[in-house]
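Bear in mind that the values in this text are calculations on the coordinates, not laboratory data. Only a predicted model underlies this, so the values are computations on that prediction, with no experimental measurement involved. Glycine gets a Cβ as well: all are built from the backbone with ideal geometry, and neighbour counts include every protein chain shown.
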Amino acid sequence: MKKSKKKLKGMTLIEMIISIAIFAIMGGLLVLVGTHIDNTTKATNRLKNKVVVESPYAANKIKKVGVDAMGNDVNLSSQVIDITVIQDGAHGDYYVQEPDPNDASKKIIVKKSYGQGSGDRVDMTAQKYTTEDLVTDGMTAQEKQDFRDGVNGGLNLDFIEIDP
């Protein structure tokens, strides 16, 4: 009576090494993608927080942040900027409300024109208000610098108020 040998079926050493290498490469790619997703999520959350905090001030042009210990108003930081608008080559009409020359209690709509290729130029000054102080309030100098250097750190919802 002959004993039959059963052939064992399984993976060879080379197949095992190749499988481990493939899993290692896939794991490395997964770590890279996960890091990218984490950074994107952090940037999105930071941007969302900035918009939530800063947008009411920018949208409503609120310049007062609060009151200090002495009872004085604390305002947003601002700077004076010069704005020049040069309109050349375009022309059109616009409408404004003006007091009625015959009855000062009433207003009339007056059609006016602009342009005609005359190179109209308007120079203005304005106050630019920076709302970044709202987000960085309470941070140390190093934390503020890290915040500015980070993702979305340079994005601010500043607003301008043109001087009459």
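In straight-distance terms, cross-link reach from residue 106 covers every one of the aspartates and glutamates whose alpha-carbon lies under 16 Å from its own, apart from those fewer than eight places away in the same chain; here that gives 98. Only Cα pairs under 8 Å and 6+ residues apart enter the sum, and on that basis the relative contact order of region 48-164 stands at 30 percent. The charge dipole of the chain, taken about its Cα centre with unit charges on the Cβ atoms of Lys, Arg (+1), Asp and Glu (-1) only, comes to about 2400 debye.
GNM remark for the chain: springs join alpha carbons under 10 Å apart, and the peak mean-square fluctuation among 32, 47, 13 falls on 13. Extending 7 Å from the Cα toward the beta-carbon at both residue 122 and residue 31 defines two label points whose distance is 5.9 nm. Ordering 11, 101, 71 by the projection of their Cα atoms onto the charge dipole of the chain, which places +1 on the Cβ of Lys and Arg and -1 on the Cβ of Asp and Glu, puts 11 at the extreme positive end. In a fully extended conformation the segment linking residue 18 and residue 104 would gain 21.9 nm over its present Cα-Cα distance, using 0.36 nm per residue. Inter-label distance, residue 39 to residue 73: 4.3 nm, where each label sits 7 Å from its Cα along the C-beta direction.
Of the options (i) 368; (ii) 185; (iii) 109, only one is volume of the Cα convex hull per residue in Å³ as computed from these coordinates, and that is (i).
Measuring between alpha carbons in the structure, the pairs from 42/144; 63/144; 50/144; 42/128; 48/144 lying more than 24 angstrom apart are 42/128. Taking the Cβ-Cβ separation of residue 94 and residue 53 as r and a Förster radius of 35 Å, what is the calculated FRET efficiency to the nearest 0.05? Efficiency at R0 = 35 Å is approximately 0.45.
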